[in-house]
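S.K.: One structure is given below, represented as structure tokens, and several questions about it will come after.
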Amino acid sequence: MIKNTLVRALFLLSLVCVFFACTKEPKKRIPMPVTDLSAENLIPKPLKVIPTNSAFALDEFTAIYTAKGATGFQEVAEFLADKLSKKINLQVPINDESLKTVARVIYINQSDSTELNAPEAYQLYINQDSIIINSNTAEGAFRGIQTLRQLVPDSSNDTLALQKIWPIPTGKIIDNPSFAYRGSMLDVARHFFAVEDVKKYIDILSYYKINVLHLHLSDDQGWRIEIKSWPKLTSIGGSTEVGGEAGGFYTQEDYKEIVRYAAERFMTVVPEIDMPGHTNAASVAYPFLNGNGKTLTLYEGTQVGFSTFDTRKDTVYAFVNDVVREISEITPGPYFHIGGDESHVTEKKDYVYFVNKVEKIVQKHGKRMIGWDEVAIADIDSTSISQWWSSEENAKKAIEKGMQVIVSPAKKAYLDMQYDTLSEYGLHWAAYLPVDTAYIWTPEGYGGIPKENILGIEAPLWSETISNIDELEYLAFPRVIGYSELSWSSPENRDWENYKIRLANQAPFLERMDVKYYPSPLIDWKKSKYSYETIEKD
Ligand code: ACM
């Protein structure tokens, strides 16, 4: 069936060629300039790039076809066509077999080749007349079209033919990520970010093949997700944020919309409810939860480690069960993050007791537990995951328990660390992280953790010092683009001098997307014809 579709597409193409041979206009094969696929500014760098030094002529006579009956492939084609329409104002038809004027095809093919036996693997074969994207899954096809988007030039070449042509260098790309989990965390608790802001972040992250968005949904300063069985969490707990601003929260419908938007980009949302510490907002809403013996008030400061749930009350676990259940029901991804960091006023024995019980609750609701590295001191099992942010000792404990680790060391991977002493936003308690320091380190084997124990890499963005999307973008970009390469590309394909040039060439995309990135002086940013204000976004 799938092979038939390919045959049909190629047959169609040959008919079209005959048609053009008779009419001579427009020409099927247009003499194209020599271009070098290996010199393209792709991020993350693919596993293998083999140039063949010609070009595919993307133009108004190009059409997209997809393997018939391949689940999700039509949607991937629609995503590509939409992005092409926005970037270069070219309308590329999809699966329209009645067209008479097709000269070139982009074929998104489902292939069960053993080389593609990984969920995100894809091959991109770019010839003069066809681009074939092979993958086993729609997810792989999606990663492939994100690469293709990066190969489409911003401007057409209008000297090659009567019509506008966007030349795409020919050759082969064979690609597959190093790590399955490639994430960024957004703290929407210290400052709240609207659904539209989160969607914009998702869209840019997915362009660079990041596939996990971890949302830090609760903290001392605010509770940000509607829980229907405990409404005061948001009506009271959601009313504040750092600095006395208005707070806010996602309704379950809002959250579902974020999850849907992320899923459309093959990105998994990981919800985090931070406990037993970082729980002031929840305990103000429902004081029976509080275990620190003090009378609580809403909190808008930035100090950490003063709050805790009462870990010895059954009602606390009934509460946690409701929260985990309601969020799990609207979270299709496999993970639930329970926080577990900086519980400085929870006795160690109570902390261990709490994490042990909450792990079971998470599992009962069908999810795999993730916790910050401290959770490894509890008696948790090997299916749970430890997120290494601070303690190498805790990361090693997790390995001894057979757990997988997400590598997020604050001194290398925290997006809220300032670039340098002049940075407008951010903190520096772990380090200053200029763009080169953020890129030049090796997560594989970091701290002696074997690669097979590393699920992936995540770059967290805490929001104590940022209160709007522009400030968020200043801290996240360009560094998060480097983390995409650290988590996707193999170590031998990573090189700062080469990356620096490819990063400089992201400026036109970032500016077209209205991303207020930090223009690091370490990078010779490519001049762009776009200004932040004047553009239509991809
Ligand atoms: C953390 O930065 N407290 C995980």
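S.K.: If the Cβ limit is 9 Å and pairs must be 6+ apart or interchain, which residue in the stretch 291-313 that is without any contact (Cβ under 8 Å) to a residue 24 or more places away in the chain pairs with which residue that is outside any loop (DSSP other than H, G, I, E, B) and open to solvent by 50 Å² or more (accessible area, probe 1.4 Å)?
M.R.: Thr295/Pro287; Leu296/Pro287; Asp310/Phe288
S.K.: While we're looking at this one, here's another question. Scan the stretch 512-524 and tell me whether some residue there is surrounded by fewer than 22 Cβ atoms within 10 Å (Cβ to Cβ), at pLDDT 95 or above and acidic (Asp, Glu).
M.R.: Checking the stretch 512-524: at least one residue is surrounded by fewer than 22 Cβ atoms within 10 Å (Cβ to Cβ), at pLDDT 95 or above and acidic (Asp, Glu).
Residues are listed down the side, and each one gets a yes or a no for (1) touching a strand residue (DSSP E or B) at 6+ places or on another chain (Cβ under 7 Å); (2) closer than 22 Å to Glu400 by Cβ:
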site: Glu424; (1), (2): no, no
site: His428; (1), (2): yes, no
site: Ile440; (1), (2): no, no
site: Pro443; (1), (2): yes, yes
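S.K.: Restricting to the stretch 327-340, name every residue that is within 10 Å of Lys367 (Cα to Cα) and surrounded by 15 or more Cβ atoms within 10 Å (Cβ to Cβ).
M.R.: Ser328, Thr331, Gly333, Tyr335, Phe336, His337 - these are the residues of the stretch 327-340 that are within 10 Å of Lys367 (Cα to Cα) and surrounded by 15 or more Cβ atoms within 10 Å (Cβ to Cβ).
S.K.: Under 6 Å by Cβ, and 6 or more places apart or on different chains, what pairs join a residue from the stretch 100-117 that is part of a helix (DSSP H, G or I) with one that is not hydrophobic (A, V, I, L, M, F, W, C)?
M.R.: Here the result reads Leu116/Ser135; Leu116/Asn136, each pair linking the stretch 100-117 to a residue that is not hydrophobic (A, V, I, L, M, F, W, C).
S.K.: Moving on to the next point. Considering each residue of the stretch 440-462, count those that are open to solvent by 10 Å² or more (accessible area, probe 1.4 Å) and of a type in the set (Asp, Glu), and give that number.
M.R.: Within the stretch 440-462, residues that are open to solvent by 10 Å² or more (accessible area, probe 1.4 Å) and of a type in the set (Asp, Glu) number 2.
S.K.: Those residues that are within 13 Å of the ligand (Cβ to nearest atom) and in a loop (DSSP other than H, G, I, E, B), I need them from the stretch 380-398; list them, please.
M.R.: Matches in the stretch 380-398: Trp389, Ser390, Ser391.
S.K.: Please tell me if Thr311 is within 16 Å of the ligand (Cβ to nearest atom) and either open to solvent by 10 Å² or more (accessible area, probe 1.4 Å) or farther than 20 Å from Gly183 by Cα (or both). Please lay out each step first, then the result.
M.R.: Details: within 16 Å of the ligand (Cβ to nearest atom): no; either open to solvent by 10 Å² or more (accessible area, probe 1.4 Å) or farther than 20 Å from Gly183 by Cα (or both): yes.
So Thr311 does not fit the description; no.
S.K.: Taking the stretch 225-249, which residues are out of contact with any Gly (no Cβ under 6 Å at 6 or more places or on another chain), free of Cβ contacts under 8 Å to residues at least 60 places away in the same chain and under 16 Å from Ser463 (Cβ atoms)?
M.R.: Gly244, Ala246, Gly248
S.K.: Out of Thr437, Thr421, Thr465, which single residue is of a type outside the set (Phe, Trp, Tyr), out of contact with any Ser or Thr (no Cβ under 7 Å at 6 or more places or on another chain) and exposed (fewer than 15 other Cβ atoms within 10 Å of the Cβ)?
M.R.: Values: Thr437 fails: exposed (fewer than 15 other Cβ atoms within 10 Å of the Cβ); Thr465 fails: exposed (fewer than 15 other Cβ atoms within 10 Å of the Cβ).
Only one candidate qualifies: Thr421.
S.K.: Quick one: Ile377 ticks every box in (1) more than 16 Å from the ligand (Cβ to nearest atom); (2) open to solvent by 10 Å² or more (accessible area, probe 1.4 Å); (3) farther than 20 Å from Trp223 by Cα; (4) touching a residue at least 24 places away in the same chain (Cβ under 8 Å) except a single one, so which number is it?
M.R.: All conditions pass for Ile377, except number (1).
Results for (1) of a type in the set (A, V, I, L, M, F, W, C); (2) on the phi < 0 side of the Ramachandran plot; (3) within 14 Å of the ligand (Cβ to nearest atom), shown as yes or no for each residue.
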{"position": "Tyr414", "(1), (2), (3)": "no, yes, yes"}
{"position": "Glu424", "(1), (2), (3)": "no, yes, no"}
{"position": "Ala438", "(1), (2), (3)": "yes, yes, no"}
{"position": "Asn453", "(1), (2), (3)": "no, yes, no"}
{"position": "Ile457", "(1), (2), (3)": "yes, yes, no"}
{"position": "Leu475", "(1), (2), (3)": "yes, yes, no"}
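S.K.: Being part of a loop (DSSP other than H, G, I, E, B) and among the β-branched types (Val, Ile, Thr) is the filter here; which residues of the stretch 399-436 pass it? Lay out the reasoning, then the answer.
M.R.: So the first thing to find is which residues in the stretch 399-436 are part of a loop (DSSP other than H, G, I, E, B), and the list is 401-403, 408-409, 414-416, 418-426, 428-434.
Listed by number, the list holds a single entry, Thr421.
S.K.: With respect to the numbered conditions (1) more than 11 Å from the ligand (Cβ to nearest atom); (2) within 22 Å of the chain's Cα centre (by Cα), which one is the sole condition not fulfilled by Met403?
M.R.: (2)
S.K.: Please list, ordered by first then second residue, the pairs with beta carbon atoms under 8 Å, 6 or more apart or interchain, first in the stretch 394-421 and modelled with pLDDT under 95, second charged (D, E, K, R) and within 16 Å of the ligand (Cβ to nearest atom).
M.R.: Between residues of the stretch 394-421 that are modelled with pLDDT under 95 and residues that are charged (D, E, K, R) and within 16 Å of the ligand (Cβ to nearest atom), there is no close pair.
S.K.: Of all residues in the stretch 335-351, how many are within 15 Å of the ligand (Cβ to nearest atom) and either among the aromatic types (Phe, Trp, Tyr) or part of a strand (DSSP E or B) (or both)? Let's see the steps before the verdict.
M.R.: Filtering the stretch 335-351 for residues within 15 Å of the ligand (Cβ to nearest atom) gives 337-346, 351.
Pick out the ones that are also either among the aromatic types (Phe, Trp, Tyr) or part of a strand (DSSP E or B) (or both) and you get 337-339, 351.
Summing the residues that are within 15 Å of the ligand (Cβ to nearest atom) and either among the aromatic types (Phe, Trp, Tyr) or part of a strand (DSSP E or B) (or both) in the stretch 335-351 gives 4.
S.K.: If you take the residues of the stretch 205-228 that are part of a loop (DSSP other than H, G, I, E, B) and over 8 Å from the mean Cα position of the chain (by Cα), which of them is farthest from Leu415 (Cα to Cα)? Give the derivation first.
M.R.: Restricting attention to the stretch 205-228, the residues satisfying the condition of being part of a loop (DSSP other than H, G, I, E, B) are 208-211, 217, 220-221, 224, 226-228.
Within this subset, residues satisfying the condition of being over 8 Å from the mean Cα position of the chain (by Cα) are 217, 220-221, 224, 226-228.
Values: Leu217: 17, Asp220: 21, Gln221: 20, Arg224: 21, Glu226: 27, Ile227: 29, Lys228: 33 Å.
Restricting to residues being part of a loop (DSSP other than H, G, I, E, B) and over 8 Å from the mean Cα position of the chain (by Cα), the top hit is Lys228.
S.K.: Out of Val270, Val324, I need the residue that is open to solvent by less than 10 Å² (accessible area, probe 1.4 Å), within 30 Å of Thr137 (Cβ to Cβ) and within 16 Å of the ligand (Cβ to nearest atom). Which one? Please lay out each step first, then the result.
M.R.: Values: Val324 fails: within 16 Å of the ligand (Cβ to nearest atom).
Within the list Val270, Val324, the selection yields Val270.
The values are calculated or read from the model by the stated rules, or taken from the named source; none is laboratory data. Remember, it's a predicted structure, so these values are computed and weren't measured experimentally. FYI the Cβ positions are ideal-geometry reconstructions off the backbone, even for glycines, and counts take in every protein chain you see. To get the accessible areas, we keep the full protein, side chains included, count just its heavy atoms, and leave off ligands, DNA and RNA. Shrake-Rupley method; radii C 1.70, N 1.55, O 1.52, S 1.80 Å.
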